[in-house]
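Colleague: Dumping the structure here so I can ask a few things about it.
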Amino acid sequence: MSGNSSYWDLTCKKERYPRLSEDTDTDVLVIGGGITGVTCAYCLAERGFRPLLIEAGELCGGTTGNTTGKVTIQHGVIYCKIKEKYGLDAARDYAASQNRAMDFVAGTAGRESIDCALRENTAYIYGENEQERDLLQKEYDAARSIGINARMVEDAAFPSGNKGLLAFPGQYVFHPVRYVEGLAAAAARLGARICCDTKASGIDDGDIKTVECENGAVIKARHVIAATQYPFLGGLNLFFARLYPKRTYGIAARALRDRPEGSYINVGDPTRSIRTHVEGGETILIVVGEGHDTGRSPDMAVHFDNLARFAEREAGAGEVIAKWSAQDYDTPDELPYIGRVSPKSDIYIATGFSKWGLTNGTLAGMMISELIQTGECAYEDLYSVSRPDITSSVKKAFAGAVNPVIELVKSKFEGTGDIGGLKPGEGRIIRYEGEKAGIYMDGGGNVTVLDITCTHMKTELNFNSAEKTWDCPAHGGRFDTDGNHLEGPPRKPLKVLFKGRYSELIS
Ligand SMILES: Cc1cc2nc3c(=O)[nH]c(=O)nc-3n(C[C@H](O)[C@H](O)[C@H](O)COP(=O)(O)OP(=O)(O)OC[C@H]3O[C@@H](n4cnc5c(N)ncnc54)[C@H](O)[C@@H]3O)c2cc1C
């Protein structure tokens, strides 16, 4: 088994797009090469624009390459919640817009001949106790009231001990990386320019926006789309207080028996999401779950074992052939933010997909391209960045979740461990020269001590033992054990306080 690479990354040969090495002008700049950015580029090119897409690493190197690959309008028990918070019309609009996105994926994969193992199936949510069964009934009622073709299933043998399932027929699964690679190739054929290894580092607003890249290239653009998950344009609209980073784990395993038809997710915690994928005639189980607030798990490595045990028990999983983890952002009201960053701005964002970004990111591409061409688009209000979602009732609903501001204060007072007995592959928070610091030992006994104050908003980072990274519990910034920035809002690396032999440090 390879290190922590997703199954999708291991089974797709990626196109190598060049880096942007010169200054350039474009009508629309798309920043980010996941499903959101690539769909934006494709839709814009279809509408006659010549967009430029820049990606910090490679296409699908972010969350898109690490998903379960479910393309569905069944997003947990969301319809009863939207109906309760925003009313029946909002729930109906959510379903209609997600349906459009799902149809776009299926239609485009067919029209552009994208070989991405797209398969129609039924998506199920299952309850594990009477309370969850009641919630499913409520979701069923909400779904039926807005015209979704849902049905309740009793006495199903899979998953074991379930107390009822809610089925949405006519949904899809696919290979997410092959889909996005195929869509990018189609966008390029239509006139989009794609550059990888090109990281945007700052933006100057104005009629014409100036975006600087880390490699020195400067891009001038009339419209800029930040399809970067966490908007790298920090501070705008107080996003730091409106996006909640969640880390989730995935494994792929050989299926030996009991292959479940359809795809499944539970109502409760910890999440268990399972589907099958067929590769070269062999059935593979994809199992995802164990989500938690980023930077907030006592032992992150244990999450892979929990998923493997579940897959073995429920679906006779054999050898685990890939494992990975990834991050997505929740919002206070479970609706994403898609659209202009402020009412008249030509800067657009799409984020807060709450682990349902394969339809939401697709929808964002459709909506933002229409917005840029015509000045307006369907569902703009529902997903508006300016909606009043931090109402007291929403705050109440979010009680108990990680609060970025509280995390910032709390992290300053939490304890430190001893430096003694550190093992290879281990990371710990210690005191170094009187200050809190993070230490990591590699396989050769060399250690790196970092100032683990996040360079974004000064929260202290925690060690992620599954990925060997330093993660921010407040805003989802992540760094490798040398302090290099990997993901999330920070733009600067961490300060290295010591690098050398462990024996030198403790002598
Ligand atoms: C484990 C897991 C399973 C999931 N399963 C599903 C599922 O089955 N179905 C579903 O609908 N959703 C699922 N989701 C959610 C979904 O995967 C995400 O919401 C979606 O992939 C987000 O896509 P994106 O393009 O917005 O972001 P990403 O895929 O993260 O792409 C953002 C890109 O921007 C780039 N970038 C960032 N900053 C810069 C910069 N400054 N300059 C240039 N480039 C930059 C990054 O390198 C990255 O490639 C899952 C999420 C997780 C965590």
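The values are calculated or read from the model by the stated rules, or taken from the named source; none is laboratory data. The model shown is predicted, which means the values in this text are computed figures rather than measured ones. Methodologically, a virtual Cβ is constructed for each residue, glycine included, from the backbone with ideal geometry; neighbour enumeration extends over all protein chains shown.
Colleague: Please go through region 24-34 and pick out each residue that is within 13 Å of the ligand (Cβ to nearest atom) and in contact with a strand residue (DSSP E or B) (Cβ under 8 Å, 6 or more places away or on another chain). It would help to see each step written out before you state the result.
Modeller: In the first step, residues of region 24-34 are kept if they are within 13 Å of the ligand (Cβ to nearest atom); the result is 29-34.
Hits for region 24-34 are Leu29, Val30, Ile31, Gly32, Gly33.
Colleague: I'm trying to understand the selection: among the residues of region 55-71, which are of a type in the set (A, V, I, L, M) and part of a strand (DSSP E or B)?
Modeller: Val71
Colleague: From the list Tyr172, Tyr230, Tyr179, which one is closer than 30 Å to Arg50 by Cβ and outside any helix (DSSP H, G or I)?
Modeller: Numbers: Tyr172 fails: closer than 30 Å to Arg50 by Cβ; Tyr179 fails: outside any helix (DSSP H, G or I).
Matching residue, one of Tyr172, Tyr230, Tyr179: Tyr230.
Colleague: Within region 54-85, can you find the residues that are more than 26 Å from Ile125 (Cα to Cα), within 6 Å of the ligand (Cβ to nearest atom) and not hydrophobic (A, V, I, L, M, F, W, C)? Break it down into steps so the answer makes sense when it comes.
Modeller: Initially, region 54-85 is screened for residues more than 26 Å from Ile125 (Cα to Cα), giving 54-62.
Narrowing the set further to residues that are within 6 Å of the ligand (Cβ to nearest atom) leaves 54-57, 61-62.
Answer for region 54-85, where residues must be more than 26 Å from Ile125 (Cα to Cα), within 6 Å of the ligand (Cβ to nearest atom) and not hydrophobic (A, V, I, L, M, F, W, C): Glu55, Gly57, Gly61, Gly62.
Colleague: Among the strands (runs of 3 or more DSSP E) lying completely within region 263-335, list those that include at least 2 residues that are among the acidic types (Asp, Glu).
Modeller: Numbers: elements: 263-266, 272-279, 282-293, 317-330.
Strands (runs of 3 or more DSSP E) meeting the threshold: 282-293, 317-330.
Colleague: From (1) out of contact with any Leu (no Cβ under 9 Å at 6 or more places or on another chain); (2) touching a residue at least 40 places away in the same chain (Cβ under 8 Å); (3) of a type in the set (Phe, Trp, Tyr), pick out the condition that doesn't hold for Trp470.
Modeller: Trp470 satisfies all of (1) out of contact with any Leu (no Cβ under 9 Å at 6 or more places or on another chain); (2) touching a residue at least 40 places away in the same chain (Cβ under 8 Å); (3) of a type in the set (Phe, Trp, Tyr) except (1).
Colleague: In region 168-177, is there at least one residue being in contact (Cβ under 8 Å) with a residue 40 or more places away in the chain, buried (at least 17 other Cβ atoms within 10 Å of the Cβ) and over 20 Å from Leu363 (Cα atoms)? Break it down into steps so the answer makes sense when it comes.
Modeller: Narrowing region 168-177 to residues in contact (Cβ under 8 Å) with a residue 40 or more places away in the chain: 168-177.
Still in the list and also buried (at least 17 other Cβ atoms within 10 Å of the Cβ): 168, 171-177.
Those still in the list that are over 20 Å from Leu363 (Cα atoms) too: none.
No.
Colleague: Right, next: So, Ser113, is that one of a type in the set (S, T, N, Q), at positive phi and more than 24 Å from the chain's Cα centre (by Cα) or not? Give the steps one after another, and end with the answer.
Modeller: Values: of a type in the set (S, T, N, Q): yes; at positive phi: yes; more than 24 Å from the chain's Cα centre (by Cα): yes.
Yes; evaluated as a whole, the condition is true for this residue.
Colleague: Restricting to region 353-382, what's the tally of residues that are crowded, with 24+ Cβ neighbours inside 10 Å and at pLDDT 95 or above? Break it down stepwise before answering.
Modeller: Our first condition is that a residue be crowded, with 24+ Cβ neighbours inside 10 Å; within region 353-382, this holds for 353, 355, 357-365, 367-369.
Filter again for at pLDDT 95 or above, leaving 353, 357-365, 367-369.
Selection size over region 353-382: 13.
Colleague: When only residues in region 35-51 that are among the aliphatic types (A, V, I, L, M) and crowded, with 24+ Cβ neighbours inside 10 Å count, which is nearest to the ligand (Cβ to nearest atom)? Don't jump to the end; show me each part of the working.
Modeller: Taking region 35-51 first, the residues among the aliphatic types (A, V, I, L, M) are 35, 38, 41, 44-45.
Within this subset, residues satisfying the condition of being crowded, with 24+ Cβ neighbours inside 10 Å are 35, 38, 41, 44.
On the way: Ile35: 5, Val38: 7, Ala41: 11, Leu44: 15 Å.
Out of the qualifying residues, it is Ile35.
Colleague: Keeping to region 269-288, report how many residues are touching a helix residue (DSSP H, G or I) at 6+ places or on another chain (Cβ under 6 Å) and at pLDDT below 95. Please lay out each step first, then the result.
Modeller: Taking region 269-288 as the starting set, the residues that turn out to be touching a helix residue (DSSP H, G or I) at 6+ places or on another chain (Cβ under 6 Å) are 272, 285, 287.
When the remaining residues are screened for being at pLDDT below 95, the result is none.
The qualifying residues number 0.
Colleague: What are the pairs with Cβ atoms under 8 angstrom where one residue, in region 350-368, is under 16 Å from Asp381 (Cβ atoms) and among the small types (Gly, Ala, Ser) and the other, located anywhere, is assigned to a strand (DSSP E or B) and within 7 Å of the ligand (Cβ to nearest atom)? Sequence gap at least six, or different chains.
Modeller: Listed by first residue and then by second, the contacts come to Ala364/Ala350.
Colleague: For Ser263, which of the numbered conditions (1) farther than 29 Å from Met367 by Cβ; (2) at pLDDT 95 or above fails to hold?
Modeller: The one condition Ser263 does not meet is (1).
Colleague: Residue check: is Asp299 closer than 30 Å to Phe232 by Cβ, touching a residue at least 40 places away in the same chain (Cβ under 8 Å) and charged (D, E, K, R)? Spell out the reasoning first.
Modeller: Numbers: closer than 30 Å to Phe232 by Cβ: no; touching a residue at least 40 places away in the same chain (Cβ under 8 Å): yes; charged (D, E, K, R): yes.
No: the conditions fail for Asp299.
Colleague: If Glu132 satisfies all but one of (1) within 30 Å of Thr64 (Cβ to Cβ); (2) in contact with a helix residue (DSSP H, G or I) (Cβ under 9 Å, 6 or more places away or on another chain), what's the number of the condition it fails?
Modeller: For Glu132, the failing item is (2).
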